[in-house]
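Peer 1: First the structure, then my questions, so here it is.
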Amino acid sequence: MTQNLKTHNTLALESFDTLPASAHVRLPVVAALNGVSHPTIWRWVKAGRLPSPVKLGANTTAWRVGDLREFMQGQSA
């Protein structure tokens, strides 16, 4: 992973609460938010426990921040 991508992921994680609902975050951020591994994120998606990501390009998958917030609020309720 390049330094630039690490910095981007760190900023996205630190500013998650202030990102607009329409923003997108990638797998490392989703895993860090939930405190689980990357494979666990994919298991949760397959099981319907986590919202499905969207394809932004041929090799780019991301989650909508608004979808993740709804999921996380449901987990804490």
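Peer 1: List the pairs whose first member sits in segment 36-54 and is farther than 19 Å from Ser22 by Cα, whose second member is in a loop (DSSP other than H, G, I, E, B) and among the aliphatic types (A, V, I, L, M), and whose Cβ atoms are under 8 Å apart, counting only residues at least 6 apart or on separate chains?
Peer 2: Close Cβ pairs satisfying both conditions: Ile41/Leu50; Trp44/Val36; Trp44/Leu50.
Peer 1: For segment 27-39, give me each residue that is open to solvent by 50 Å² or more (accessible area, probe 1.4 Å) and at pLDDT below 95. If you could, list the steps in order and put the result at the bottom.
Peer 2: Let us first name the residues in segment 27-39 that are open to solvent by 50 Å² or more (accessible area, probe 1.4 Å), namely 32, 35, 37-39.
Ala32, Gly35 - these are the residues of segment 27-39 that are open to solvent by 50 Å² or more (accessible area, probe 1.4 Å) and at pLDDT below 95.
Peer 1: Determine which single condition Arg69 fails, assuming it passes every other condition in (1) outside any helix (DSSP H, G or I); (2) touching a residue at least 40 places away in the same chain (Cβ under 8 Å).
Peer 2: (1)
Peer 1: Which condition number in (1) exposed (fewer than 11 other Cβ atoms within 10 Å of the Cβ); (2) at pLDDT 95 or above is the one that Trp42 fails?
Peer 2: Going through (1) exposed (fewer than 11 other Cβ atoms within 10 Å of the Cβ); (2) at pLDDT 95 or above one by one, Trp42 breaks only (1).
The values are calculated or read from the model by the stated rules, or taken from the named source; none is laboratory data. Given the structure is predicted, the values throughout are model-derived calculations rather than measurements. FYI the Cβ positions are ideal-geometry reconstructions off the backbone, even for glycines, and counts take in every protein chain you see. Heads up: the accessible areas ignore ligands, DNA and RNA and are worked out on the full protein's heavy atoms, side chains in. Shrake-Rupley method; radii C 1.70, N 1.55, O 1.52, S 1.80 Å.
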